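Here, each number is a calculation from the coordinates, and none is a lab measurement. Keep in mind that this is a model prediction, so the values were computed, not measured. We place every Cβ from the backbone using ideal geometry, glycine too, and count neighbours over all the protein chains shown.
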Amino acid sequence: MAQAEATITDEFNAFTVAQRQFDIAADHLGLEDGLRLVLRTTKREFTTHFPVQMDNGDVEVFTGYRVQHDLGRGPAKGGIRYHPDVTLDEVKALAMWMTWKCAVVRLPYGGAKGGVVCDPKGMSLAELEKLTRRFTTELAPMIGPDSDIPAPDVNTNSQTMAWIMDTYSMHHGYSIPSVVTGKPVNVGGSEGRVEATGRGVVFTIESAAREIELDLADATVVVQGFGNAGSVAATLLRRDYKCRILAVSDTSGAIYSSAGIDPAQAVAYKRQNGALAGMPGTEPLTNEELLALPCDILIPAALENQILASNADRIQARIIAEAANGPTTPEADQILYENGQMLIPDILANAGGVTVSYFEWVQDKQAFFWKEAEINEKLRLIMTSSFAEVLAMAKQEHVDMRTAAYLIAVSRVADATRVRGIYP
Ligand code: GLU
């Protein structure tokens with residue numbers, strides 16, 4: 001089959017998955033044809049090929065993308081990821097998911113995402129800085145504090161955001177912190193932003209546990225992916241709720257301990273050794289074994305396409321909380337729903353990150369900063385009330401939690417489009 005055809009029909013193509021999820025909600029809502037066309041298409045797709053001089057003097061050309069899906073409810077918002085497998089279709093899907101995510105938690109933003117095809121693990125800090133500054137320069141026509149505001153995502157962090165903010169500011173001649181969120185605190189970042197995605201995931205798990213009457217003390221947890229979202233969620237579930245973290249994984253492999261893994265120790269071990277694999281007191285597991293472990297809560301916190309028609313039946317968790325974007329395909333959703341498992345969809349579960357990004361942007365714009373306790377409390381309110389709305393919708397419409405979240409999000413974005421009208 002030709003490459004182009006394979007991309008379009010591939011059941012694991014993230015954009016195809018995103019459109020199928022949207023179609024389920026659009027059908028259920030009886031959305032009119034015109035609006036359906038508008039909302040299942042991205043608004044702008046920007047591709048750039050740009051040079052970076054590497055440490056050895058060679059010039060390499062990198063490919064980067066920024067996609068804006070919808071701007072009906074406000075400026076575009078969404079992270080930038082660095083990964084060898086980034087594709088335009090993946091970034092399009094991630095941009096669409098950001099639109100629904102912002103709508104589910106009522107942030108006044110549309111959705112965007114960016115990505116650069118690169119292997120950041122094989123690059124020096126100096127090379128990453130040059131790549132980031134040049135990509136920011138290429139993105140100049142897209143980004144801005146009132147048009148499109150990037151943030152961290154897979155393999156990018158507060159340092160990356162500081163470079164973006166600095167590069168953009170240098171071009172304007174003065175500091176413009178609100179062009180990007182997820183910055184270090186002393187250059188306009190927000191307290192609590194680093195932990196926000198993981199903390200938000202935990203707030204939704206708390207709500208889900210209450211609903212299914214699961215006692216979180218000694219509840220067993222499995223976390224796939226030990227980046228910013230997964231490691232914080234594991235740490236808070238252990239520290240604040242006394243859950244038992246049975247297994248965690250990163251790109252080096254998965255580790256298991258029936259007595260429980262101390263996430264703080266795992267973070268320290270990974271920092272020192274660069275990988276989780278081999279941590280003393282743990283046994284190695286394959287990724288498939290990790291997902292199929294008997295446990296109460298499974299947190300996919302890595303990449304797309306992890307829970308599929310082929311393995312969904314083996315998942316035993318009662319609650320699946322999607323810290324990652326797009327880890328579950330629509331076929332797998334159906335299987336989990338029929339098996340009575342509660343899946344908290346990405347656009348709700350991991351919305352804590354963009355929520356505190358919004359707080360950061362508001363603080364930057366008013367140049368007045370809040371304390372962490374205030375931020376965490378505001379985050380809790382948004383996450384728990386959004387969860388309650390989605391759960392009520394799921395019960396009312398007899399649908400799974402993802403479809404319920406989409407019904408709410410798509411209605412809000414559709415309403416914005418209708419009331420604004422089609423220009424001209
Ligand atoms: N990359 C994060 C996400 O997928 C955060 C986006 C943001 O803060 O704008 O939600």
* Where in the range 1-95 are the helices (runs of 4 or more DSSP H), entirely inside, with at least 2 residues that are in contact with a Ser or Thr (Cβ under 7 Å, 6 or more places away or on another chain)? -> 14-29, 33-39
* Structure fact -> Per the list (1) in a helix (DSSP H, G or I); (2) touching a residue at least 24 places away in the same chain (Cβ under 8 Å); (3) aliphatic (A, V, I, L, M), residue check on residue 170 breaks on (2)
* To do: Hey, could you check the range 53-65 for residues that are over 16 Å from residue 83 (Cα atoms) and touching a residue at least 40 places away in the same chain (Cβ under 8 Å) and say which is surrounded by the most Cβ atoms within 10 Å (Cβ to Cβ)?
  => 54
* Which ranges mark the helices (runs of 4 or more DSSP H) fully within the range 323-392 that have 2 or more residues being over 20 Å from the mean Cα position of the chain (by Cα)? -> 330-338, 352-366
* Has the range 352-374 got at least one residue that is within 16 Å of the ligand (Cβ to nearest atom), over 19 Å from residue 110 (Cα atoms) and among the hydrophobic types (A, V, I, L, M, F, W, C)? -> no
* Would you list the strands (runs of 3 or more DSSP E) that sit entirely within the range 204-290 and hold 3 or more residues that are β-branched (Val, Ile, Thr)? => 220-224
* **Which listed residue, of 244, 199, 210, is exposed (fewer than 15 other Cβ atoms within 10 Å of the Cβ) and either among the basic types (Lys, Arg) or touching a Phe, Trp or Tyr at 6+ places or on another chain (Cβ under 6 Å) (or both)** => 210
* Asked: Do you know which residues across the range 74-116 are small (Gly, Ala, Ser) and either within 11 Å of the ligand (Cβ to nearest atom) or on the phi < 0 side of the Ramachandran plot (or both)?
  -> 76, 78, 79, 93, 95, 103, 110, 111, 112, 114, 115
* Could we say that residue 55 is farther than 29 Å from residue 36 by Cβ, among the acidic types (Asp, Glu) and away from the ligand (no atom under 15 Å from the Cβ) here? -> yes
* Residue that is nearest to residue 304 (Cα to Cα) [pool: residues in the range 157-185 that are touching a Leu at 6+ places or on another chain (Cβ under 9 Å) and within 16 Å of the ligand (Cβ to nearest atom)] -> 160
